[in-house]
Amino acid sequence: MSNPREKVVDAALVLATRRDYGDVTLSDIAHEADISLAELRDLFPSKGAIVGGFLRRIDRQILQEQNEIHHTEPMRERLYEVLKRRLLALQPCRDSILSIKNWVSRDPLMQTALNREVINSMRFMLEAAEIESDGTLGAVKLQGLVFVWWRVIDVWLEKGLDEALHQLNQQLSRGEQFVSHAEQFISIIQPARDFFGKFMHLNQKSHHVDDDIPHPKS
């Protein structure tokens with residue numbers, strides 16, 4: 001028996017190839033998936049949530065292939081391989097994604113929600129490439145990668161897979177240089193940040209001690 005959530009995602013993708021995803025209703029999706037509207041409500045609260053379910057499906061597919069990454073390769077090559085596989089996984093759904101992207105471009109709230117999903121996806125793509133995604137430098141890498149990925153997706157939808165892979169290679173090369181500069185900058189400012197943090201901690205403790213000291217009555 002097929003997974004009902006997967007049936008809904010597949011139905012939404014099929015409908016998005018036929019017309020603009022903005023014109024697709026939840027009732028349309030339920031009918032295409034051969035479930036009731038009440039069942040759809042239990043599975044997904046909105047069309048945007050269905051798109052999120054699709055992105056998480058792609059995440060799972062790439063992460064299940066994680067052991068095929070050659071961990072001895074340089075960082076940039078590992079990340080390129082992970083994101084190349086992501087593009088290849090998306091390729092069969094290109095028309096659907098173009099329809100969905102056109103819908104998202106008209107809805108600022110949906111843009112924000114989708115960007116959060118992409119941030120989460122890219123966090124796991126970094127981890128799949130064995131690249132640290134925590135801390136200050138990790139946040140720099142993550143935000144930079146999200147920017148790169150949106151650029152690559154735009155090229156992919158407009159010019160196709162080969163141009164997108166070329167763009168990905170270029171953007172990762174530039175990003176590697178940027179991360180190198182960021183590492184140097186963070187290593188310079190980190191001692192000052194640590195000192196300031198300790199100073200603030202001690203200052204707060206001294207205030208707490210003062211609060212505990214009984215003051216003589218006048």
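Here LEU98 clears all of (1) more than 20 Å from the chain's Cα centre (by Cα); (2) within 21 Å of ALA113 (Cα to Cα) except the condition numbered (1). Kindly check whether there is at least one residue in segment 135-148 that is closer than 26 Å to GLN64 by Cβ and either part of a loop (DSSP other than H, G, I, E, B) or at pLDDT below 85 (or both). The answer is yes, given that some residue of segment 135-148 is closer than 26 Å to GLN64 by Cβ and either part of a loop (DSSP other than H, G, I, E, B) or at pLDDT below 85 (or both).
Here segment 15-47 is the region considered, the condition is being among the hydroxyl-bearing types (Ser, Thr, Tyr) and more than 27 Å from the chain's Cα centre (by Cα), and the residue that is farthest from SER96 (Cα to Cα) is SER36.
Listed by first and then second residue, the pairs with beta-carbon distance under 6 Å, at least 6 apart or on different chains, first residue in segment 105-130 and loosely packed, with under 15 Cβ neighbours inside 10 Å, second part of a helix (DSSP H, G or I), are GLN111/VAL104; ILE119/VAL146.
The one condition from (1) open to solvent by less than 40 Å² (accessible area, probe 1.4 Å); (2) free of Cβ contacts under 8 Å to residues at least 24 places away in the same chain that GLY53 does not meet is (2).
Buried (at least 16 other Cβ atoms within 10 Å of the Cβ) and farther than 23 Å from GLN167 by Cα: which single residue out of VAL9, VAL82 fits that description?
Answer to the selection: VAL9.
The values are calculated or read from the model by the stated rules, or taken from the named source; none is laboratory data. Predicted model only: the values in this text are computed from it and were never measured. Glycine gets a Cβ as well: all are built from the backbone with ideal geometry, and neighbour counts include every protein chain shown. What goes into the accessible areas is simple: the full protein's heavy atoms, side chains included, and nothing from ligands, DNA or RNA. Shrake-Rupley method; radii C 1.70, N 1.55, O 1.52, S 1.80 Å.
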